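Remarks on the structure that follows.
The values are calculated or read from the model by the stated rules, or taken from the named source; none is laboratory data. Since the model is a prediction, treat every value here as computed from it, not as a measurement. No Cβ is skipped: glycine too gets one built from the backbone with ideal geometry, and neighbour counts run over all protein chains shown.
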Amino acid sequence: MAKLRKPEERECERCGRVEVWDDDHDTWRVPTDDDEDVDADAVGDVHCVHEWDIDGSFRPIE
């Protein structure tokens with residue numbers, strides 16, 4: 001039987017912003033070192049029109 005996969009991390013190809021999928025909140029979030037500190041390098045440009053690295057080469061079905 002086929003299995004549906006979803007991406008767990010994505011990175012903007014323009015500004016370098018990194019986000020990870022948060023199953024608890026069903027949304028993308030900037031990764032943190034602990035529960036309060038956001039990794040400043042992962043934020044990128046918050047005003048960027050993000051071009052995520054998830055494209056046609058990602059195969060959601062195994």
Considering every residue within segment 9-29, establish whether at least one is modelled with pLDDT under 85, surrounded by 12 or more Cβ atoms within 10 Å (Cβ to Cβ) and in a loop (DSSP other than H, G, I, E, B).
-> no
Can you tell me which residue in segment 39-56 is farthest from Glu13 (Cα to Cα), limited to those that are modelled with pLDDT of 75 or more and not β-branched (Val, Ile, Thr)?
-> His47
